[in-house]
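Asks: Submitted below is the structure of interest, expressed as C-alpha cells.
Every number here is computed from the coordinates shown, using simple stated rules; none is lab data. Please read these numbers as outputs of a predicted model, since none were measured by experiment. Neighbour counts are summed over all protein chains in view; Cβ atoms, including those assigned to glycine, are modelled from backbone coordinates with ideal geometry.
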Amino acid sequence: MNNIKYIITTFSILLVLFSSCGHKHSEGDGHNHGTEENTHSESDEHNHGEGEEEHKEGLFLSKDQAETIGLEFGDLSSIKVNDFVKATGTLGLPPNALSSVSAKTNGIIKGTKKFVEGNYIKKGAVIAYLENPDFIVTQQGYLEAKAQLNQKRLEVERQKTLVESNAGVTKNLQNAQAEVAVLEAKTQGLAKQLSFLGISTSDLSPSNIRQQIAIVAPMSGYISTISFHNGMYAQSSIALMDIISSDHLHLELDVFEKDIANIKIGQKISYTVPALGTTIYYGSVDVIGKEFNSSSKTVRVHGHLDGVKPQFLKDLFINAKIFLTDAETTALPEDAIIKDGENSYIYVARSQKDAKEIEFEKINIIPGSTENGYTAVKLIDDIPEGMQIVTKGAYYVYAQSKAGELEHEH
C-alpha cells in the first residue's frame, strides 16, 4: 500500500514539472531562460574575442601627439665610433721634475726672501743666505795654501838652476817638487770645497773673504713646500724647500687587468680634472707599465699631455678615457636610446601616415661608446619586420608611458 502511494506521488510531481516547462510565457516576464542562455552563450563567445582585440595591452600614441612632438623614424647607421677604455689616476711628474732645496752645509739661515707656497721661482734665484764660521776658515786655508804653493814653485825653479850648473843637490830639488805637489793637491781640494759652497776662487783675496753663502733654486718651477725661516739652524740633511716643474707633467693612469690588452702606445686620451671643472684635456699613451698591481688589479699607464694643460696640483684625481681604434659599428643618435636604471632600449613602430594612432614596441639593446652624437648599439631583440626605430621623440614616448597617458583610442 505504501509503495502504491509513493509511485502516485512521484508521478504527480513529474507531471507538474513537464507542464511548467511546456507553458508559454510572455516576453519579458523573466522566464525565457533557455532562449537567453543560448543567446548569451553564442554572443558571449563572439563578443569576448572582439573585446580582447579592442582592449589589448600596448603602448600607443595618437597621430596628433606624434606630430606635436615631432616624432621621427629611422634605421641603424653604420658609422665610425671610437670605442674607449675608462681609467682613473693622477697628474704625475718624472723624478727630474721634482727638486728639494737643502743647505750645502750646516749653518744659520739669514736674509730669507719673500716666497710663499705656489710661487713660481726661476733657476738661480736666491732663496736665503747661510752663515757659518767654517766658510771663513776654508777661504783662509785656500789663500794660505795658494801662497805657499807659489813660493814652493819658485824654490823648484831655483833648485833646477843649481842642479843644472852643478852647484845644487838633486835631493833638494826632489824635496821641493814633492812639496809643490802636496800644496797643489791641498789648493785644488780647498778650491773644490769653495766652489761647492758657491764661492768663486778666481777673484778671492784676503779683502773679500765671505762669511755667508747664498742658497739658490736649482731649477725653475713652482714652490710646493717651505720649511725654513730667519735664524733657523739648517742642516744639510733636511730639505728647506721643494720645487716642482710642470714642464714634464704627465698622466699616471690605472687600467684594469681586463682592459690592458687593448692599450697601445700612441692611442689618444681625453681626461677631466673634477676638482678644476668640466674642461676636457687631451693626451696620448706614452708608456705602458710592466708591473701588475695585485691588490687593485691594475697596470700603470703613463700618458703624454697634448695642447692646453690643466693647472698642476700634485696627486690631483682625474677621470680619463683611452680611445681604441676607429671601427665601423652599428649606431643610433643618442636621443633614440632610453636608459631606465640598468636597462637600455629603443622604441620601434610602424610609421603609417593614414593611421589614427601609432603602436610602439620596446627593443632591448646594449649601448656602447658615444662620439659626435651617436652611440654604438648591440640589439638584444630583433626588430620586427616592417618596423622603424624612433630616432627623435623617444623620451617623450617614455615619459608618457611612465605617466600612464598613452592609451588606445576607441
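Asks: Give the distance, in whole Å, between the Cα centre of the stretch 191-251 and the Cα centre of the stretch 86-117.
Replies: The two parts, judged by their Cα centres, are 12 Å apart.
Asks: Quick one: which residues, 5 or more positions from residue 59 or on another chain, have an amide H under 5 Å from its amide H? H modelled 1.01 Å from N in the peptide plane, none for Pro or chain starts.
Replies: Distant-sequence amide H within range of residue 59: 360.
Asks: In cubic angstrom, how much convex hull volume per residue do the alpha carbon atoms of the stretch 265-383 span?
Replies: Output value, Cα hull per residue: 195 Å³.
Asks: Residue farthest toward the positive end of the dipole of the stretch 102-243, with Cβ of Lys/Arg at +1 and Asp/Glu at -1: which of 108, 234, 214?
Replies: Value computed over the given set: 214.
Asks: If you don't mind, there's one more thing I want to ask. Mind giving me the FRET efficiency for residue 157 and residue 238? R0 is 35 Å, r the Cβ-Cβ distance, nearest 0.05 is fine.
Replies: It comes out at approximately 0.10.
Asks: Could you tell me the calculated FRET efficiency between residue 78 and residue 115, based on Cβ-Cβ distance and R0 = 60 angstrom, to the nearest 0.05?
Replies: It comes to 0.50.
Asks: In bins 10 Å wide, starting from 0, what share of all Cα pairs of the stretch 231-322 does each bin hold, as a percent?
Replies: Bins of 10 Å from zero give 14, 40, 26, 12, 7, 1 percent of pairs.
Asks: Note down the net charge around residue 140, summing +1 for each Lys or Arg and -1 for each Asp or Glu among other residues with Cβ under 12 Å from its Cβ.
Replies: My count for the surroundings of residue 140 gives 0.
Asks: Past 20 Å, Cα to Cα: identify those pairs from 297/321; 258/309; 113/314; 63/339; 268/321; 146/192, in the order given.
Replies: 258/309; 113/314; 63/339
Asks: Taking R0 as 45 Å, what FRET efficiency do you get between residue 317 and residue 385 from their Cβ-Cβ distance, rounded to the nearest 0.05? Present the calculation step by step, with values, prior to reporting the outcome.
Replies: On the way: r = 50 Å, r/R0 = 1.11.
The value I calculate is 0.35.
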